[in-house]
Structures are given as C-alpha cells and as structure tokens.
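A.B. asks: Attaching a single structure in structure tokens format; questions to follow.
The values are calculated or read from the model by the stated rules, or taken from the named source; none is laboratory data. Model, not experiment: these values are computed from the prediction. Here Cβ is always computed from backbone atoms with ideal geometry, including for glycine, and neighbour counts include all displayed protein chains.
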Amino acid sequence: MKRKAVALYSGGLDSTLAIRLIQNQGIDILAVHFYTGFCITETKRRRGEKKEDGTHYMNPALKYAAKYGFPLEIVDISDGYMDVILNPKYGYGANINPCIDCRIYMFKKAKQIMEEIGADFIISGEVLGQRPKSQKSIPMKIIERDSGLEGLILRPLSAKRLPPTIPEIKGWVDREKLEGIVGRSRKRQLELAKELGIDEFESPAGGCCYLTDENYAHKYRETMEVEGKITQEDLILFTVGRHFRLDSGTKVIVSRNEGENNFLSGFLNRYPYFEPIGKGPVAIAKPLHDNTLDEDDKQIIANIIARYSKTVDGKIDVKYNNEEILTGIPFDDETLNQWRISLWKSNQT
C-alpha cells in the first residue's frame, strides 16, 4: 500500500528539502501552505506591491512547488488566527510571535486535511535548535501533544536526533535515509540541496512573519498602551505604512507606495481619509474617541502628507473626506519625529 503524507510548506529551503527526502522514499506528498494574514511576502503580493527593482512579490510556496513538481494547496486559516495572537497559551517569543501556539494551530489544521484525504502522517521542515521558541525538544513534544499528532509528525531534517515516529517504526519511511541536522548552521542544508537537485531557493533564509518583526511588535505594544485594546483590524493595519500618534491621541497611518495607497483607500468610508490632489501618499486617521478630527489635527496630517509628496513651491493640496481642501506644508524631520511611532523614538525616551 502506497503511503501518503501532508507537508507543511513555507516555500523555504528546509521545507523543500523535507519534501524531497520523503518523496524519494516513494511517499505521495500534498504540500499545504497556510495563509495566516501575517506572511510579509504574501501580504505584499496580495496588495500588488512591488520590490525596489520593480518586480512583483511572488509567494515562494507557489513558485517552488511549481518548479520542483509537487502538488500544493493554499489554505486560508486567518479567521481563527487572531485568538492565537492575542491569547497565546505558551506566550510570545522576542516580539509578538506566539510560535508554539502558532505551530499547534497549524498542525491541527494539517491534521484535519490529513484525515480528509486519507494521509498517514505529516512532515515539516523544522530543524531542531534552529529557532529558540518552538524548535527545541520540549516545545516540539508540546506541539505534537496539543495538536493530537503524537508520533505522526516527521521532521526529516532532524529525524535522527529525535525519537522515532510512527512512520519510521512501522517501516513506511527508512530512518537511515533521513538527516540529523541540529542548530542554525545552513551548511548541511546547502550540501543536501546540491545532492537532491534543489538549485534555487529563497536567500537569505529567514522568517516571513510580521509577528517576529521588532517594529511591528512596537506598534502593537504602543497601541495596547495608549488605546487599551487590539482589534483584528489593528493587527492588519500594523503591516501598512508609516505610523504617527498625534498629541490628541489620534493615530495617523500614511502609505509608502502605490500598493498601500490602494489598500488604505479601502478605509475611506470608515475613517477620516486624506489624499493629495496629484501624486503622493494617502492617509487615514483613527481618533481615540470618535471619527471626528479637530482643525489642528487635520492640518498636521496634511503637512505630514506633504512631507512625503513631491510638492509645488513647497506646498500640496490635500483632500479631506472628499469634501474639504487643505494646503499641506512639509514638516521637517525633527518636527515629524515627535509623533512618529517607532523604535527610534522609544529608544530616545
């Protein structure tokens, strides 16, 4: 009987190698890429943003599954993900990354898929000791237990350093043909890539998650401190634009590119909305108590937009809610920095 496995697939080198190692033992693989809403590359791709060289962002899972010829399913699991972020049973990593709870959530979803398609086990590209929060022996055991997958998660890159799994014990997979990689060095992975014909992969390697980003975490903590709560919308807006907190408590988010312009324009009927007459960034404002702004805040926001626009004679006209025209005069950076929500400002105070 031919065996089948579900692979958690990020599109990175490690998960690609894990799939190839198991494929080479005659196991059918369905690669699954989970969309949480917090993958940096996929979020920018969905917004239509471009890289500095003008090319579009591409989901690495789509790219490399196509290149290396294995079936891929992209599954949106973002609906229930907010609770993982706001109420992690096992806490956060260095930033707002609930890595253990995240892995449990993903493996539970993978277990459902495994059962639906009649697969026998799950594989992952995790490497023992590579990441401090979730890729150590004890967290790995917790993840297996809480996801209901004890003995059914095979990590081919570190298998020889971990207890044998059910696929190995039952002889579905030859343990001797698996790896025993430990730690953060990429040397063995690069050697293995050559051996397995993996000649292209994402470089440099690293996470693709806003929740591990220090600046994202700072915006989260600042909002919690000032507003006393975090909404699902906040979690999304932390990924967009330049953030400012005015003296009134109003938060201002100013776009950085055309993709973010398009994204923020979707909020024009929900929040005070500003856009220049001509080319330039747009902005939304989130007052603390209601959706009205005083005249001082309106002018400050127009001036912030002017700072990031190509102005005529040092000025630019800015529409407020498609009703009022304000003339923005660019602030200097010293003035702007008093409102900027940033690690730089945090470190100065």
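A.B. asks: Pull up region 173-221, narrow it to residues that are acidic (Asp, Glu), modelled with pLDDT under 95 and over 21 Å from Cys99 (Cα atoms), then point me to the one that is surrounded by the fewest Cβ atoms within 10 Å (Cβ to Cβ).
C.D. replies: Among residues in region 173-221 that are acidic (Asp, Glu), modelled with pLDDT under 95 and over 21 Å from Cys99 (Cα atoms), the one surrounded by the fewest Cβ atoms within 10 Å (Cβ to Cβ) is Asp199.
A.B. asks: Restricting attention to region 316-337, which residues are out of contact with any helix residue (DSSP H, G or I) (no Cβ under 8 Å at 6 or more places or on another chain), surrounded by 13 or more Cβ atoms within 10 Å (Cβ to Cβ) and assigned to a helix (DSSP H, G or I)?
C.D. replies: Passing the criteria: only Thr335.
A.B. asks: Just one of the numbered conditions (1) under 27 Å from the mean Cα position of the chain (by Cα); (2) at pLDDT 95 or above is not true of Gly259; which one?
C.D. replies: Result: Gly259 passes all but (2).
A.B. asks: While we're looking at this one, here's another question. Looking only at region 64-116, count how many residues are of a type in the set (A, V, I, L, M) and either assigned to a loop (DSSP other than H, G, I, E, B) or surrounded by fewer than 12 Cβ atoms within 10 Å (Cβ to Cβ) (or both).
C.D. replies: Number of matching residues: 4.
A.B. asks: Quick check: anything in region 121-136 basic (Lys, Arg), under 27 Å from Thr223 (Cα atoms), in a loop (DSSP other than H, G, I, E, B) and out of contact with any His (no Cβ under 9 Å at 6 or more places or on another chain)?
C.D. replies: Yes: region 121-136 contains one or more residues that are basic (Lys, Arg), under 27 Å from Thr223 (Cα atoms), in a loop (DSSP other than H, G, I, E, B) and out of contact with any His (no Cβ under 9 Å at 6 or more places or on another chain).
A.B. asks: Glu195: among the acidic types (Asp, Glu), over 30 Å from Glu150 (Cα atoms) and part of a loop (DSSP other than H, G, I, E, B), yes or no?
C.D. replies: no
A.B. asks: Something else now. Among (1) surrounded by fewer than 22 Cβ atoms within 10 Å (Cβ to Cβ); (2) of a type outside the set (A, V, I, L, M); (3) at pLDDT 90 or above, which single condition is Asp53 missing?
C.D. replies: (3)
A.B. asks: Next question. Any idea which of (1) part of a strand (DSSP E or B); (2) farther than 25 Å from Lys108 by Cβ; (3) not β-branched (Val, Ile, Thr) is the one Phe34 doesn't satisfy?
C.D. replies: The number of the failed condition is (2).
A.B. asks: Residue pairs, Cβ under 6 Å, 6 or more apart or interchain, first in region 119-135 and surrounded by fewer than 21 Cβ atoms within 10 Å (Cβ to Cβ), second aliphatic (A, V, I, L, M). List them.
C.D. replies: Correct list of pairs: Leu128/Val182; Gly129/Val182.
A.B. asks: Oh, and also: Are any residues in region 63-81 farther than 15 Å from Phe201 by Cα and among the hydroxyl-bearing types (Ser, Thr, Tyr), and if so, which ones?
C.D. replies: Ser78, Tyr81
A.B. asks: Go through region 37-55 and give me each residue that's touching a residue at least 60 places away in the same chain (Cβ under 8 Å), in a loop (DSSP other than H, G, I, E, B) and either more than 12 Å from the chain's Cα centre (by Cα) or farther than 24 Å from Gly259 by Cα (or both).
C.D. replies: Within region 37-55, Gly48, Glu49 qualify.
A.B. asks: Residues in region 164-179: is at least one among the hydroxyl-bearing types (Ser, Thr, Tyr) and free of Cβ contacts under 8 Å to residues at least 40 places away in the same chain?
C.D. replies: Scanning region 164-179 turns up no residue that is among the hydroxyl-bearing types (Ser, Thr, Tyr) and free of Cβ contacts under 8 Å to residues at least 40 places away in the same chain.
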